[in-house]
Amino acid sequence: MTNLITRVRDAILATLPGATADTTVVTIEYAWSRVGYSARDAWSGTADGLADRIAAAVAADLEEDTREDESTPELSYQAQQLLAHIRDLPSFRWTTGKAAQVYADLGYPKRGRRHNARSHLHELAARDLLTVHGPHDGRYFLLAQKDGA
């Protein structure tokens, strides 16, 4: 657990410009553009204390995950966000480039964005949530229609 705490603390310090281990106030802003929700939260304490709380929450989640049935792994959060956007525009032809643009709009880093978009589109198609259309070099994806639709 100590290694996890150290890694979380180092990640916190690496992502907050000018923060040091004795930083006492961290302000966190988060937004989820699909529903237009945003908020601001402040946490008072040292970076070590924040890392300890995050590591404890992660460890609890990891422990819970190991107890769950692993026969059908869950979609990643990023893939869930893409699926939510696809469901908002059900007749839209989704390509790798358009999915990558969704990730750009959500603030994901440029590195790996196109690869992740392509992978997630194919993963959603493999789970029968999307249907694949077109040739290999002009492929697009549509939201899969339910049998009764």
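Could you check, for the range 1-13, whether at least one of its residues is assigned to a helix (DSSP H, G or I), modelled with pLDDT under 70 and over 30 Å from Phe141 (Cα atoms)?
Checking the range 1-13: at least one residue is assigned to a helix (DSSP H, G or I), modelled with pLDDT under 70 and over 30 Å from Phe141 (Cα atoms).
Inside the range 87-121, can you point out the residues that are among the hydroxyl-bearing types (Ser, Thr, Tyr) and under 15 Å from Leu75 (Cβ atoms)? Quick ask: steps written out before the conclusion?
Keep residues of the range 87-121 that are among the hydroxyl-bearing types (Ser, Thr, Tyr), which gives 91, 95-96, 103, 108, 119.
Listed by number, the residues that qualify are Tyr103, Ser119.
The values are calculated or read from the model by the stated rules, or taken from the named source; none is laboratory data. Just so it is clear, the model here is predicted, and its values are computed rather than measured. No Cβ is skipped: glycine too gets one built from the backbone with ideal geometry, and neighbour counts run over all protein chains shown.
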